[in-house]
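Everything on this sheet refers to the single structure shown next.
The values are calculated or read from the model by the stated rules, or taken from the named source; none is laboratory data. Treat the numbers as computed from the prediction; the structure is a model and nothing was measured. Backbone-built Cβ (ideal geometry, glycine too); neighbour counts: all protein chains shown. Side chains are part of the model used for accessible areas, which takes the heavy atoms of the whole protein and leaves out ligands, DNA and RNA. Shrake-Rupley method; radii C 1.70, N 1.55, O 1.52, S 1.80 Å.
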Amino acid sequence: MKTALYHIAYQIGMHPAEMAKLVREGEITGEVPGNNPQARDAWVDLHSLRNYIQWRHDQNRLDEMAYLKAIRHIDKALRG
């Protein structure tokens, strides 16, 4: 499910530029036209983002509070 990059990035506590870098590096599925994470048509796939957050948590690279916040917001967006 696609969602606006800038919208979900702020909700989960990540700067849009950081998330755009992850998209460009192929860590998360999405698109950042013109390398502008604030663009209206910049998007990320929520399932891909959720998997990435889960992976970072499993690798002990994301603390529990940040993990729970991110998962809560992603799941809320997935429910619609």
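When A77 is tested against (1) surrounded by 14 or more Cβ atoms within 10 Å (Cβ to Cβ); (2) without any contact (Cβ under 8 Å) to a residue 24 or more places away in the chain, just one condition goes unmet, and that condition is (2).
Among the residues of segment 52-68, those identified as surrounded by 15 or more Cβ atoms within 10 Å (Cβ to Cβ) and not in a loop (DSSP other than H, G, I, E, B) are Y52, I53, Q54, R56, H57, A66, Y67. Look at G34 and say whether it is open to solvent by 30 Å² or more (accessible area, probe 1.4 Å), part of a loop (DSSP other than H, G, I, E, B) and either touching an Asp or Glu at 6+ places or on another chain (Cβ under 9 Å) or not acidic (D, E) (or both). For G34, the condition - open to solvent by 30 Å² or more (accessible area, probe 1.4 Å), part of a loop (DSSP other than H, G, I, E, B) and either touching an Asp or Glu at 6+ places or on another chain (Cβ under 9 Å) or not acidic (D, E) (or both) - is not met. Among the residues of segment 1-27, those identified as buried (at least 17 other Cβ atoms within 10 Å of the Cβ) and closer than 15 Å to I71 by Cα are T3, I8, A9, I12, M14.
Mind counting the residues in segment 15-35 that are in contact (Cβ under 8 Å) with a residue 12 or more places away in the chain and not small (G, A, S)?
Total meeting the criteria: 10.
Which residues, counting only those in segment 57-70, are within 18 Å of Y10 (Cβ to Cβ) and free of Cβ contacts under 8 Å to residues at least 24 places away in the same chain?
L62, M65, Y67, L68
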